[in-house]
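**Student:** Take this structure, written in structure tokens, and hold onto it; I'll ask about it next.
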Amino acid sequence: MTWGPYDEAGTRAFLKTAIERQNATPRTSYMFAITLKESGRLIGHCGIYLTDEGRQAVLGWILHRDYWNRGYMTECAKELLRFGFEDLRLHRIVAYCNTENGATSRVMEKCGMRREGAFKKSKRGRPGIDKEWNDEYLYAILAEEWCP
Ligand SMILES: CC(C)(COP(=O)(O)OP(=O)(O)OC[C@H]1O[C@@H](n2cnc3c(N)ncnc32)[C@H](O)[C@@H]1OP(=O)(O)O)[C@@H](O)C(=O)NCCC(=O)NCCS
């Protein structure tokens, strides 16, 4: 990620922002908690963020490491696409990822998103944690390409 990890204060600030954005009018950010159906345990977060006067959006997500590779984020990403195209009536949805993030690229491909671009040193890393500049892929899907 290019943000975090958060301490308790950082997490509180993140949640405060999420709640403020939930109550904003017009609403342009939809940030969701990911919980396990059987226990309600919080295991991650995903979101869809509107751009271009509400006709396009960017996706983002993160999952606790203990729950990787069980198909959870593919399930979430498909639901974000359904929500974006069916409920929000969007034209196009995109997502960016570090070119070294094979799992997230795979999630996007499993959802029918297409790799449209590769950008050199386009994303700044976290000082002291990452490389200063990271390469990114752009994935996208159009409303007419989306199959539930
Ligand atoms: C990316 C992330 C959300 C994926 O969540 P997940 O629930 O494990 O994803 P899924 O189980 O639905 O699918 C993962 C797929 O990636 C594949 N995969 C896992 N690691 C991989 C790697 N290093 N290279 C290529 N593919 C990989 C899995 O095999 C699986 O594909 P398959 O179903 O064809 O076998 C999770 O790894 C994560 O939270 N990572 C840290 C945060 C992050 O990177 N967020 C995105 C920033 S853009």
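What follows is calculated from the coordinates using simple rules that are stated; it is not laboratory data. What you see is a predicted model; the values in this text were computed from it and never measured. Glycine gets a Cβ as well: all are built from the backbone with ideal geometry, and neighbour counts include every protein chain shown.
**Student:** For the stretch 8-145, calculate the relative contact order in percent as a whole number, restricting contacts to Cα pairs under 8 Å that are 6 or more residues apart.
**Tutor:** Taking the mean separation of contacting Cα pairs over the length of the stretch 8-145, I get 17 percent.
**Student:** Cβ under 10 Å from Ala140's Cβ, Ala140 left aside: what net charge do those residues give with Lys, Arg +1 and Asp, Glu -1?
**Tutor:** For residues surrounding Ala140, the net value is +1.
**Student:** In whole angstrom, how long is each semi-axis of the equivalent ellipsoid of the stretch 8-145, when you take the square root of 5 times every eigenvalue of its Cα gyration tensor and sort them from largest down?
**Tutor:** Calculated on Cα positions only, the semi-axes equal 21, 21, 18 Å.
**Student:** Here's another thing I want to ask about it. Calculate the dipole size of the chain relative to its Cα centre from +1 charges on Lys and Arg beta carbons and -1 charges on Asp and Glu beta carbons; express the result in debye to the nearest 20.
**Tutor:** So the dipole magnitude of the chain works out to roughly 120 debye.
**Student:** Also, quick follow-up: How much net charge surrounds Tyr96 when only other residues with a Cβ under 9 Å from its Cβ are counted (Lys, Arg +1; Asp, Glu -1)?
**Tutor:** Cβ neighbours under 9 Å give a net charge of 0.
**Student:** Hey, got a sec? Which GluC sites (Glu not before Pro) in the stretch 1-50 land in a DSSP loop and have at most 13 other Cβ atoms within 10 Å?
**Tutor:** Here the GluC sites (Glu not before Pro) that fit, given the DSSP loop and packing criteria, are Glu38.
**Student:** Which GluC sites (Glu not before Pro) from the stretch 47-148 combine a DSSP loop assignment with at most 15 other Cβ atoms within 10 Å?
**Tutor:** Loop-located and lightly packed - Glu100, Glu132.
**Student:** For the stretch 105-119, just list the computed ³J(HN,Hα) in residue order, Karplus coefficients 6.51, -1.76 and 1.60, θ = phi - 60°, integers in Hz, with x standing in for Gly and Pro.
**Tutor:** 4, 5, 4, 5, 5, 5, 8, x, 7, 10, 6, 10, x, 10, 10
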